[in-house]
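The values are calculated or read from the model by the stated rules, or taken from the named source; none is laboratory data. The structure displayed is predicted, hence computed values, not measured ones. With ideal geometry, Cβ positions are generated from the backbone for all residues, glycine too; neighbour counts draw on all protein chains shown. Heavy atoms of the whole protein, side chains included, go into the accessibility calculation; ligands, DNA and RNA do not. Shrake-Rupley method; radii C 1.70, N 1.55, O 1.52, S 1.80 Å.
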Amino acid sequence: MSLWSRVANVFRGDRLSRDIDEELRSHLAEAVAQGRDPAEARRSLGPALRLREESRDARLIIWLDSLRADAVFGFRQLMKNKVASAAAILSLALGIGACTGAFRLVDALLLRPLPVTEPQQLYALARTGVDPEGKVGTFDGWAYPDFALMTAQARGQANLIAVSYAQRSDLTYGSDDEMEKAYIQYVSGSMFSNFGLRPAAGRLLTAEDDRTPRAHAVAVLSYDYWNHRFGRDPGVIGRTFHLGNDLYVIVGVGPEPFTGTEPGTIIDVFLPTMMHHAVTHADETWMRTLARIQPGVAMEPLRAKLDATSRAFERDRSRDWRGMSQKEIDEYLNHPLIFEPAAGGESDMQSTYRTSLLALGVLVALVLLIACANVANLMTAQASARAREMALRVSIGAGRGRLVQLVLVESAWLALLAAALGALFAWWSAPFVVGMINPPDNPARLVLPADWRVLGFGLALTVLVMLLFGLAPALRASAVQPVRALKGGEDPHARRRLMRGLIAVQTAFCFLVLFVAGLFVETFHKLSERPTGFDADRVLTLETVARHSQAPVYWDQMTQHLRELPGVESAALASTTLMGGWSWNNSVSVNGAPPNGVLGYFMSVSPGWLATMKIPLIAGRDFRPEDRYPGSALVNETFVKAYFNGVNPVGKSFDMLFDEGRRDHFEVVGVVGDACYRDVHEPTLPQAYYPFTAFDRDGNLQLKAMDHGTFIVRTATANPLALAATLRREIPKTWPEFRVSNVLTQREIDESHTVRERLLARLAFFFGIVALVLAGVGLYGVLDYSVLQRRREVAIRMALGARAGHVARRVTADVLAMVIAGAIAGLALGFASVRYIESLLYQVRPGDPRMLAIPALTIVAAALLAALPPVARAVRTDPAAMLRAE
């Protein structure tokens, strides 16, 4: 009989039995037809039952048949205890789904290799050390001339690829009225060929497109952009679009899987690096450098050669750094070059969310372990109730392996059903979490395929979960002693010890989850409540660009026009917004002295900007229309402390120092309150504000024309976005050269700096609640089981005069002791975990009594609530009725 027929017979039980019976009857009929006595014929064939079993075993796979039978029996057991089974499946589904969803995020952002040939050969070039602001870290920005020198040195050993930081830019396919946003990335012309990529349409960029600055204005669209913007129209090849003052021709479409080299951002348009405005600038670091190292090349000699080349470039450039001391220059030049694996690409989102995602993964894993402990307790209690059944199975010949299989198959049903529900939760939760990473105008976009990687992780997790909660009860059930069990003499204390131990584990993990959740929630609260130094309510920011640079008078006239519009309380003009992520810093000299090593931060604003932002003027005056850059300056209090020793600087002067030796002279006309400049996580920086209206640098006293600026509007209405559409139309209508590039409220900008903390606080709080509920359910189950097991003891004690309080203490003492032990262990785990998440915290002291008391009191409250029903049942025991029943 073929293997397939034997497998098929496993699932044809009734039909197979009929076939065997029919075959036996035919043998008997044949013997009778030959003249033999029917009784003698039956005796010669042997016992019918044995014949059936032997024939059945010969026609199927025995172990598969036993597995099928156990699966049917296990499913019936689940249906027999529907409420308990549903609770177990739901708790496991939440844990499995959360873990799988977290894996999808970690895989998409950190683990999944780029869809290129041999991604393991890719490395990112970076430098490590202390930056001019005193921060220790890794810096992956490079100037293109430095990249060109290193490319020449690496020839034959590695192919270096330049990829700019992705930027969201304005481009137009028709008139300026059709301006739209797209993610742009400047890349080496050789990138696509180095990556082994083929076009979906047209052609890709080549090395010829990337040899001469400004020579080849060609573009390649990503497949994703081609799909959602043009509906995969092949006629897009040859179309043109404007980006700034350049006209680009679309020459091709990239392959479908490739969305750029920055996980978290899907690039729309690829351009040659030679079209970037800073491609010849040695002082602008605007791109990353990827290296595809040839097989067999030793990395350390190559790294040393590139390091020496880059140091020589920076040393040559440092001769013009007049604004830095020699010590600062030496420290900067001492940053070693390193190779970082970049098989999965390189992006700011990876560095920002790496620790956050790992912390989230640990939290969901703890929740899953708590759920597994719950189900293990449930299985242990059920095994106790089925001790006689197991003893009978052993008595009629079942081996220990068969009993282990029986219990594990029941566990497999729970795990598989939970995995099915968990898959739905993971399918929904991963995109939901990505949607929460939504800085204004720059939301995260991650590719989250449900492919073999996710499926493999889910299957492995399901098997692991099954073993975690099912193996211990299975081994304990298989070790049953038939004689003792059938006499009712099995020791219940061993099972209670296991269940109480699991309660301690649950409590420890629950305390850890609540403790970490409290740290994240407190961090978000501290950041949200940190004073910014200005009033963000009712403030609308309008980033505006000009088709051609416009004289300051037109910018001033537009500001005045906005002030006169209905619904506008005040308006001003600035180079950018506070906390917009943009920054400009330089060294500062007072009275001709050398810089003190503290960088100053600068921003241009118009008269009335202070009043619009509601930043207090502490001393001196605001800007006047006649003030110019360089000339007048407003400084904040931190600037006064850093450069003027806290003495009122109004009327005094300072110089802003540039690398090329230029010094811009300023007179302080006013002191203003401190305000967050770039990021809410940073301490207050020394800031100076200078007039938006500026002289040309050539010294001819001509005013400088500007091609961009940001109008800051404080509205009279509570919702500033109500005026957004009106203002967006009004600006180009009043002066056709202006176009509004982006509209955001200042509140949106402020909240974008706490996206990570908000995400962690919400998710950690949610999983903290889940962990608490699961731990409470587990505690209730153990106490309820304990009361049922000790009901005779309770009845005797009450018959002898024990009071309700004494009975309650006897019933709960052991379990509550495990809760306390678990809480202490959880506290130790919490303190041990702080160093791993310290970078995610802000002004939070883990040892703060409040941070310790909240999870402790929460667990105590949950334990008391869980203990009430079992204790109430114990103290209501009727001794006489119980003893009569026994």
Within the stretch 324-352, residues part of a helix (DSSP H, G or I), open to solvent by 20 Å² or more (accessible area, probe 1.4 Å) and closer than 29 Å to ALA108 by Cβ come out as ASP348, MET349, SER351, THR352
Log entry, pairs with first residue in the stretch 653-678 being more than 20 Å from ASN591 (Cβ to Cβ), second being basic (Lys, Arg) and open to solvent by 30 Å² or more (accessible area, probe 1.4 Å), beta carbons closer than 9 Å, six or more apart or on different chains, reads ASP659/ARG317; ASP659/ARG322; GLU660/ARG322; CYS676/ARG530
Okay, strands (runs of 3 or more DSSP E) sitting entirely in the stretch 569-657 with 1 or more residues that are among the aliphatic types (A, V, I, L, M) and touching a helix residue (DSSP H, G or I) at 6+ places or on another chain (Cβ under 8 Å), I get 585-589, 617-620, 632-636
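Matching residues to (1) in contact with an Asp or Glu (Cβ under 7 Å, 6 or more places away or on another chain); (2) open to solvent by less than 40 Å² (accessible area, probe 1.4 Å); (3) of a type outside the set (Gly, Ala, Ser):
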{"residue": "CYS510", "(1), (2), (3)": "no, yes, yes"}
{"residue": "VAL513", "(1), (2), (3)": "no, yes, yes"}
{"residue": "GLY533", "(1), (2), (3)": "yes, yes, no"}
{"residue": "ASP537", "(1), (2), (3)": "no, no, yes"}
{"residue": "THR544", "(1), (2), (3)": "no, yes, yes"}
Exception for VAL251 within (1) assigned to a loop (DSSP other than H, G, I, E, B); (2) farther than 28 Å from PRO595 by Cβ; (3) out of contact with any helix residue (DSSP H, G or I) (no Cβ under 7 Å at 6 or more places or on another chain) falls at (1)
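Test ALA611 against the criterion of being open to solvent by 20 Å² or more (accessible area, probe 1.4 Å), of a type in the set (A, V, I, L, M) and either free of Cβ contacts under 8 Å to residues at least 24 places away in the same chain or out of contact with any Gly (no Cβ under 9 Å at 6 or more places or on another chain) (or both), and give yes or no. Don't jump to the end; show me each part of the working.
Details: open to solvent by 20 Å² or more (accessible area, probe 1.4 Å): yes; of a type in the set (A, V, I, L, M): yes; either free of Cβ contacts under 8 Å to residues at least 24 places away in the same chain or out of contact with any Gly (no Cβ under 9 Å at 6 or more places or on another chain) (or both): yes.
Yes; evaluated as a whole, the condition is true for this residue.
Would it be correct to say that ALA862 is without any contact (Cβ under 8 Å) to a residue 24 or more places away in the chain, surrounded by 14 or more Cβ atoms within 10 Å (Cβ to Cβ) and not aromatic (Phe, Trp, Tyr)?
no
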>> On the basis of being open to solvent by 20 Å² or more (accessible area, probe 1.4 Å) and either modelled with pLDDT of 90 or more or not in a strand (DSSP E or B) (or both), does ARG729 make the cut?
In response: yes
Scanning the stretch 444-472 for residues that are under 18 Å from the mean Cα position of the chain (by Cα) and small (Gly, Ala, Ser) gives ALA444, ALA450
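Residues to consider are LEU772, LEU816, LEU783; find the one that is buried (at least 22 other Cβ atoms within 10 Å of the Cβ) and touching a residue at least 12 places away in the same chain (Cβ under 8 Å).
Values: LEU772 fails: buried (at least 22 other Cβ atoms within 10 Å of the Cβ); LEU816 fails: buried (at least 22 other Cβ atoms within 10 Å of the Cβ).
Matching residue, one of LEU772, LEU816, LEU783: LEU783.
Name the single residue, out of those in the stretch 865-879 being part of a loop (DSSP other than H, G, I, E, B) and open to solvent by less than 100 Å² (accessible area, probe 1.4 Å), that is modelled with the highest pLDDT. Spell out how you get there, then give the answer.
Keep residues of the stretch 865-879 that are part of a loop (DSSP other than H, G, I, E, B), which gives 876-878.
With open to solvent by less than 100 Å² (accessible area, probe 1.4 Å) added as a condition, the list becomes 877-878.
Values: THR877: 70, ASP878: 67.
The residue in question is THR877.
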Are any of the residues in the stretch 799-807 without any contact (Cβ under 8 Å) to a residue 24 or more places away in the chain, surrounded by fewer than 16 Cβ atoms within 10 Å (Cβ to Cβ), charged (D, E, K, R) and assigned to a helix (DSSP H, G or I)? no
Note: among ASP622, ASP696, just one is of a type in the set (Asp, Glu) and in contact (Cβ under 8 Å) with a residue 40 or more places away in the chain, namely ASP622
ALA474 passes all but one of the listed conditions (1) open to solvent by less than 20 Å² (accessible area, probe 1.4 Å); (2) modelled with pLDDT of 75 or more; (3) farther than 30 Å from ASP107 by Cα; the exception is number (2)
Scanning the stretch 658-688 for residues that are out of contact with any helix residue (DSSP H, G or I) (no Cβ under 8 Å at 6 or more places or on another chain) and of a type in the set (Val, Ile, Thr), the one farthest from GLY600 (Cα to Cα) turns out to be VAL669
Checked TRP427, TRP452 against criteria (of a type in the set (Phe, Trp, Tyr), at pLDDT 80 or above and either more than 25 Å from MET349 (Cα to Cα) or surrounded by 16 or more Cβ atoms within 10 Å (Cβ to Cβ) (or both)); the one match is TRP427
Selection from the stretch 723-750 of residues in contact (Cβ under 8 Å) with a residue 12 or more places away in the chain and of a type in the set (D, E, K, R) yields ARG728, GLU730, GLU737, ARG739, ARG747, GLU748, ASP750
Checked against (1) modelled with pLDDT under 95; (2) more than 26 Å from PRO113 (Cβ to Cβ); (3) not charged (D, E, K, R), TYR248 satisfies every condition except (1)
Tell me whether the stretch 217-224 contains one or more residues that are closer than 30 Å to TYR353 by Cα and assigned to a loop (DSSP other than H, G, I, E, B).
yes
Note on the stretch 122-142: residues open to solvent by 30 Å² or more (accessible area, probe 1.4 Å) and either at pLDDT 95 or above or of a type in the set (Lys, Arg) (or both) are TYR123, LYS135
If you go through ALA143, ALA98, the only one that is under 29 Å from THR462 (Cα atoms) and among the small types (Gly, Ala, Ser) is ALA98
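Do we have ARG810 as farther than 30 Å from ALA571 by Cα, at pLDDT below 90 and in a helix (DSSP H, G or I) here? Please lay out each step first, then the result.
Numbers: farther than 30 Å from ALA571 by Cα: yes; at pLDDT below 90: yes; in a helix (DSSP H, G or I): yes.
Here the answer is yes, as ARG810 does meet what is asked.
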Those residues of the stretch 509-545 which are acidic (Asp, Glu), farther than 17 Å from GLY847 by Cβ and touching a helix residue (DSSP H, G or I) at 6+ places or on another chain (Cβ under 9 Å) amount to ASP535, ASP537
